[in-house]
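Throughout, read-outs are computed from the coordinates displayed, never taken from laboratory work. Given the structure is predicted, the values throughout are model-derived calculations rather than measurements. Methodologically, a virtual Cβ is constructed for each residue, glycine included, from the backbone with ideal geometry; neighbour enumeration extends over all protein chains shown.
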Amino acid sequence: MNLAVKIGNLELKNPVMGASGTFGFGKEYEDFLDVNEIGAIVTKGVTPKPRAGNPGVRIAETPAGMLNCIGLENPGVDAFICDILPKIKKYNTAVIVNISASTVEEYAEMAWRLDIDGVDAVEVNISCPNVKEGGIVFGTDPKAAAAVTRAVKTHTSKTVIVKLSPNVTDITVMAKAVEEAGADAISMINTLTGMVIDINTRKPLLGNITGGLSGPAVKPVAVRMVWQVAKVVKIPIIGMGGITCAEDAIEFMLAGATAVAVGAYNFVDPSALKVVADGIADYMKKHNIEDVNELIGAVQA
Ligand code: ORO
């Protein structure tokens, strides 16, 4: 049975990875699963300088999901390269570094700094809903998204994955723009902007007022968007949004995803990546599927 998939030049031993921001830098999950067995480590978002993140309450539970407004807290690219990368590059799995920045030039610089041993791919985050500069500003304008993609692509030899925002009118426009600009793959979706209000204090629950919604509540939206994008681009898609089990992951693959990422559900079951990958193998056995690639885009719609 074959569970391996390809994302650009990147070979993954199975199609299941942790979504950025929900899987730390990988090593935090060592007590819960064998990190060597997962499809890839996708790091927490890394920025040019260290960031403290947003003040106040950063997480709120919602029906079938959660809102976050972390604000890209991270130690910065220097500390990532010096202190974190040496510890995670020892794992026998791909390392995908999620990067965010405020300007096109900074994205290019990040790509160049990370074009080093131990990094297999960069995931270009143009879709963070929780910072004032950068992030989603690039992810809602096809020209800006293309400019960032082009800048990153010309400053790295690694696989370039661009992470798209669902907070747009037509996500296929964004997908086509980044493909044309040279992206090797697309990951989707980042979180949907949302808000919760405490009716007793009449104040928003989150310190940042709004946050990004993830979890099972967003899954049908994400599956629909993957299906739409898969019809208009040739590059592979990493699908995510509310995956809690193998059945959810298979749904994303049938819609057109080559690989999948588990996000919020890692907080419910920190061994979720293994459970999902094992479940995909069980499904393949049950349905006499030899190669997981047969599932990609196989929806009969
Ligand atoms: N939160 C998200 O939901 N998506 C991102 O890309 C980043 C954050 C955050 O750091 O707040």
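Overview of results
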quantity: Descending semi-axes in Å of region 196-301, equivalent ellipsoid built from Cα gyration tensor; calculated: 31, 17, 10
quantity: Spin-label model distance (nm) - residue 78 vs residue 231, 7 Å beyond Cα toward Cβ; calculated: 5.0 nm
quantity: Region 223-301: trypsin sites (Lys or Arg not before Pro) in DSSP coil with no more than 10 other Cβ atoms inside 10 Å; calculated: 234
quantity: Distance (nanometres) between label positions extended 7 Å along Cα→Cβ at residue 89 and residue 170; calculated: 4.3 nm
quantity: For region 196-214 versus region 220-281, the gap between their alpha-carbon centres in whole angstrom; calculated: 28 Å
quantity: Lysines whose Cα lies under 25 Å from that of residue 153, excluding same-chain neighbours fewer than 8 positions away; calculated: 6, 13, 44, 49, 89, 132, 143, 163, 176, 231, 234
quantity: Chain lengthening between residue 291 and residue 115 when straightened (0.36 nm per residue, less Cα-Cα); calculated: 60.2 nm
quantity: Sorted by Cβ neighbour density within 10 Å, fewest at the top, the residues 25, 267, 80, 138; calculated: 267, 25, 80, 138
quantity: Full-stretch length increase - residue 267, residue 298 - with 0.36 nm per residue and alpha-carbon distance subtracted; calculated: 8.1 nm
quantity: FRET efficiency for residue 52 and residue 28, using Cβ-Cβ distance with R0 set to 25 Å, rounded to 0.05; calculated: 0.85
quantity: Residues with amide H under 5 Å from that of residue 7, placed H, sequence gap 5 or more; calculated: 12
quantity: Restricting region 230-292 to GluC sites (Glu not before Pro) in coil, as DSSP defines it, with at most 16 other Cβ within 10 Å; calculated: 290
quantity: Gained length - residue 103 relative to residue 36, 0.36 nm times residue gap less alpha-carbon distance; calculated: 20.7 nm
quantity: Fraction of beta bridges assigned by DSSP in region 124-268 that are antiparallel (%, nearest 5); calculated: 35 percent
quantity: 16 Å cut-off, amide nitrogen to a point 7 angstrom out along residue 6 Cα→Cβ, residues in region 158-202; calculated: 159-160, 184-186
quantity: Global form of the chain, assessed from the alpha-carbon gyration tensor, a/c cut-off 1.5; calculated: rounded
quantity: Ellipsoid semi-axes in whole angstrom, largest first, where each is sqrt(5λ) of the Cα gyration tensor of region 1-149; calculated: 24, 19, 16
